[in-house]
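Notes for the one structure printed next.
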Amino acid sequence: MPELTPVITQDEIQRRISTVAQAISADHQGRELVLIGVLKGAFFFLADLARQLTVEKIKIDFLQASSYGADTSSSENIVLKKDIDIDIRGQEVIVVEDIVDTGLTLTYLIDHLQEFGPKCVKVCTLIDKKERRQAKVKVDYVCMTVEKGFLVGYGLDFAENYRNLPEIYHMQL
Ligand code: IMP
């Protein structure tokens, strides 16, 4: 059994989400917004974030990407497993991610979404992890920043386990 050390409590997660939700709401008052959650890790985050937004009209969709190969060091190793269903042409889009790590997944997903002709694509992440960043990617809304380490809980997994934990833990690999 790996060692799990709590790093962010449920209350703290919700406090950080409230702050980001207020910023997104202020930036998009009276307009339409499309939230695109990145499966599977961002599902709790998107659910909590979306319910705190006060933007006029919000649509929600999901994308799923996965990387293959033992050592993923290129966005060419990323494949799309699930695409969006709704039309985002001319829309303001926010991609809702669990963790931005190397930034390669996000770069791939943003490039993909741009092909549908949205008005703009912004990024909101629960966690911005700086340690292994390879791709230059602009993250517009960040709930928390961590320098390094492997995190699980609140949607984040290790080999599909621990997503259901209500708080975020550091896992000793
Ligand atoms: P990257 O930014 O392309 O390196 O990949 C980001 C994805 O890697 C996230 O959406 C997560 O699915 C996964 N990931 C990166 N760091 C962690 C972590 O600490 N815990 C769980 N998943 C992680």
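Just so you know, all these numbers are worked out from the coordinates, no wet-lab data involved. Predicted, not measured: the structure shown is a model, and the values here were computed from it. Note that we place each Cβ from the backbone using ideal geometry, even for glycine, and neighbour counts take in every protein chain shown.
Arranged from highest to lowest average of other beta-carbon atoms within 10 Å per residue, in what order do the peptides 121-130, 149-158 appear?
121-130, 149-158
Taking the Cα centre as origin and putting +1 on Lys and Arg beta-carbons and -1 on Asp and Glu beta-carbons, what dipole magnitude results for region 1-41, to the nearest 20 debye?
Here the size comes out at about 100 debye.
About the Cα centre of the chain, what is the dipole size in debye to 20, counting +1 per Lys and Arg Cβ and -1 per Asp and Glu Cβ, all else neutral?
280
Pairs of lysines 8 or more apart, or on different chains, with alpha carbons under 16 Å: count those in the chain, would you?
Summing the qualifying lysine pairs gives 11.
Take every Cα pair under 8 Å in the chain that's 6+ residues apart, average their separations, divide by the length, and report that relative contact order as a whole percent.
Result for the chain is 26 percent.
Treat the count of other C-beta atoms within 10 Å as a stand-in for reagent exposure and order L46, L63 from fewest to most.
L63, L46
Write down the Å³ per residue value for the convex hull defined by the alpha carbon atoms of region 21-150.
Cα-based convex hull of region 21-150, divided per residue, equals 102 Å³.
Any chance you could run the full-extension gain for E12 through R132? It's 0.36 nm times the residue separation minus the Cα-Cα distance, nm to one decimal.
Full extension from E12 to R132 adds 40.7 nm.
Using per-residue counts of other Cβ atoms within 10 Å, averaged over each peptide, order 79-85, 11-17 from highest down.
Result, highest mean Cβ count within 10 Å first: 11-17, 79-85.
Specify which residue in the list A47, V7, L35 is farthest towards the positive end of the charge dipole of the chain, using unit charges on the beta carbon of Lys, Arg (+1) and Asp, Glu (-1), about the Cα centre.
In the chain, that residue is L35.
Between region 110-124 and region 134-173, what is the C-alpha centre distance in whole Å?
Cα centroid to Cα centroid, the span is 23 Å.
Please give the calculated 222 nm ellipticity per residue for the chain, where each DSSP H segment of at least 4 residues contributes -39500 (n - 2.57) and the sum is spread over every residue; nearest 500 deg cm²/dmol?
-6500 deg cm²/dmol
Report the label-to-label distance for Q172 and L39 in nanometres (one decimal), using points 7 Å from each Cα along the Cα→Cβ vector.
3.5
How big is D, in µm² s⁻¹, for region 112-169 by Stokes-Einstein at 10 °C and 1.306 mPa s if Rh is the Kirkwood radius over C-alpha pairs?
In µm²/s, the coefficient is 119.
So if the hydrodynamic radius of region 1-59 is defined as the Kirkwood radius over C-alpha pairs, what does Stokes-Einstein give as its diffusion coefficient at 10 °C and 1.306 mPa s, in µm² per second?
124
When DSSP beta bridges are limited to those with both residues in region 4-120, what percentage is antiparallel, rounded to the nearest 5?
About 25 percent, rounded to the nearest 5.
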